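> Okay, handing you the structure first.
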Amino acid sequence: MKLPRWYAAAGPAYLAALLAVDTQVSLHGQLALGALTWLLLLAALRPLLPLARAQALAVVLFATAGEITGSLIWGVYTYRLHNLPTFIPPAHGIVYLSGIALASLARERVVVAAAAIGSVAWGLAGLTLLPRLDLAGAFGVPLLCLFLWRSRFRAAYAGVFLVVAALELYGTSIGTWHWAAELPGLGIPDGNPPSGVASGYVWFDVMALLVAPALVTWARTISPARRWGTPSTAEDG
């Protein structure tokens, strides 16, 4: 799947500005940021082929379920206002599109190597050098490396990992959210952010890639065919 290459820069740039603005607003301001982010995601999806749209929307669905579980129920991490900001679900879609676009900018081997080396180095640093022991995060690194080694979608996973890793480091540094020192109920030391957190996105992406074709088929049964036509600005594959 190919996306406009400028998505690789525009998506992260918008998300970085979004997170910075969020630190200065109240709940009402978050609602406005959520509406804006949904509009931008829908605009980004408009020129894409149906399968690409379905994949991004499926990521939003599965990532939101993960956010509710990990933050609101389990308390592994907490947002600044102790809620789930309304911009977070659509932001996951933008992260996915940015990662896919980033993966298309270089050879697959280069992107995958960067993700693998970066995740392993981060995991080792969390066990040895970083101020907080990051045992929980280290568990996720082998999972990511397995997908980077075995999956035919390795470039997509690598691109998304690089975007997520950058945003996690940035978001926690400015206080948009923070991670608990230990996994609640388990007592396993965790980083802020944990090194393996980006590997969790692999599961969102895996599920999205699995269900996206079914979503396209379902949408075609309930929507006019013209709404699922083939745009000329993107390729599918």
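The values are calculated or read from the model by the stated rules, or taken from the named source; none is laboratory data. This one's a predicted model, so the numbers in the text were calculated from it and none came from an experiment. Because the Cβ atoms are built from the backbone with ideal geometry, glycine has one as well, and the counts that use them run over all protein chains shown. Surface accessibility is based on the protein's heavy atoms, side chains included, excluding ligands, DNA and RNA. Shrake-Rupley method; radii C 1.70, N 1.55, O 1.52, S 1.80 Å.
> I'm trying to understand the selection: among the residues of the range 166-185, which are on the phi < 0 side of the Ramachandran plot and either open to solvent by less than 40 Å² (accessible area, probe 1.4 Å) or in a loop (DSSP other than H, G, I, E, B) (or both)?
To start, the set of residues in the range 166-185 that are on the phi < 0 side of the Ramachandran plot comprises 166-174, 176-184.
If the condition is that a residue be on the phi < 0 side of the Ramachandran plot and either open to solvent by less than 40 Å² (accessible area, probe 1.4 Å) or in a loop (DSSP other than H, G, I, E, B) (or both), then Leu167, Glu168, Gly171, Thr172, Ile174, Thr176, Trp177, Trp179, Ala180, Ala181, Leu183, Pro184 are the ones that fit.
> Scanning for something closer than 23 Å to Gly11 by Cα, in a helix (DSSP H, G or I) and either open to solvent by 20 Å² or more (accessible area, probe 1.4 Å) or modelled with pLDDT of 95 or more (or both), does the range 78-89 turn up at least one residue?
Yes: the range 78-89 contains one or more residues that are closer than 23 Å to Gly11 by Cα, in a helix (DSSP H, G or I) and either open to solvent by 20 Å² or more (accessible area, probe 1.4 Å) or modelled with pLDDT of 95 or more (or both).
> Name the residue that is most open to solvent (accessible area, probe 1.4 Å), counting only residues in the range 24-51 that are of a type in the set (Gly, Ala, Ser) and under 16 Å from Ala10 (Cβ atoms). Working first, answer last.
Here is the first cut: in the range 24-51, the ones of a type in the set (Gly, Ala, Ser) are 26, 29, 32, 34-35, 43-44.
Filter once more, keeping what is under 16 Å from Ala10 (Cβ atoms): 43-44.
Values: Ala43: 63, Ala44: 20 Å².
Once the filter is applied, the top-ranked residue is Ala43.
> If you don't mind, another one. Kindly indicate whether Ala158 is in contact (Cβ under 8 Å) with a residue 40 or more places away in the chain and exposed (fewer than 15 other Cβ atoms within 10 Å of the Cβ).
Here the answer is no, as Ala158 does not meet what is asked.
> Go through the range 134-185 and count every residue that is closer than 20 Å to Ile88 by Cα and of a type in the set (Asp, Glu). Break it down stepwise before answering.
Taking the range 134-185 first, the residues closer than 20 Å to Ile88 by Cα are 157, 159-180.
Filter once more, so that each one left must be of a type in the set (Asp, Glu): 168.
Within the range 134-185, residues that are closer than 20 Å to Ile88 by Cα and of a type in the set (Asp, Glu) number 1.
> Please go through the range 186-237 and pick out each residue that is over 24 Å from Val112 (Cα atoms), open to solvent by less than 40 Å² (accessible area, probe 1.4 Å) and modelled with pLDDT under 80.
Answer for the range 186-237, where residues must be over 24 Å from Val112 (Cα atoms), open to solvent by less than 40 Å² (accessible area, probe 1.4 Å) and modelled with pLDDT under 80: Ala219, Ser223, Gly229, Pro231.
> Which of the residues belonging to the range 92-110 are part of a helix (DSSP H, G or I) and either under 22 Å from Tyr77 (Cα atoms) or open to solvent by 10 Å² or more (accessible area, probe 1.4 Å) (or both)? Before you say what the answer is, go through the steps one by one.
Of the range 92-110, the ones part of a helix (DSSP H, G or I) are 92-103, 108-110.
Selection gives His92, Gly93, Ile94, Val95, Tyr96, Ile100, Leu102, Ala103, Glu108, Arg109, Val110.
> Checking the conditions here, which among Tyr14, Tyr7 is among the hydroxyl-bearing types (Ser, Thr, Tyr) and either at pLDDT below 95 or crowded, with 19+ Cβ neighbours inside 10 Å (or both)?
On the way: Tyr14 fails: either at pLDDT below 95 or crowded, with 19+ Cβ neighbours inside 10 Å (or both).
The conditions single out Tyr7.
> Continuing with the same structure: Which residues, counting only those in the range 77-113, are among the hydrophobic types (A, V, I, L, M, F, W, C) and more than 17 Å from the chain's Cα centre (by Cα)?
Let us first name the residues in the range 77-113 that are among the hydrophobic types (A, V, I, L, M, F, W, C), namely 81, 84, 87-88, 91, 94-95, 97, 100-103, 105-106, 110-113.
Matches in the range 77-113: Leu81, Leu105, Ala106, Val110, Ala113.
> Here is a further query. Report yes if some residue within the range 122-143 is open to solvent by less than 20 Å² (accessible area, probe 1.4 Å), in a loop (DSSP other than H, G, I, E, B), out of contact with any Pro (no Cβ under 9 Å at 6 or more places or on another chain) and touching a residue at least 40 places away in the same chain (Cβ under 8 Å); otherwise report no.
Taking every residue of the range 122-143 in turn, none turns out to be open to solvent by less than 20 Å² (accessible area, probe 1.4 Å), in a loop (DSSP other than H, G, I, E, B), out of contact with any Pro (no Cβ under 9 Å at 6 or more places or on another chain) and touching a residue at least 40 places away in the same chain (Cβ under 8 Å).
> When you go through Val164, Val141 one by one, which is the residue that is among the hydrophobic types (A, V, I, L, M, F, W, C), out of contact with any strand residue (DSSP E or B) (no Cβ under 8 Å at 6 or more places or on another chain) and within 19 Å of Pro12 (Cβ to Cβ)?
On the way: Val141 fails: within 19 Å of Pro12 (Cβ to Cβ).
Residue meeting the stated conditions: Val164.
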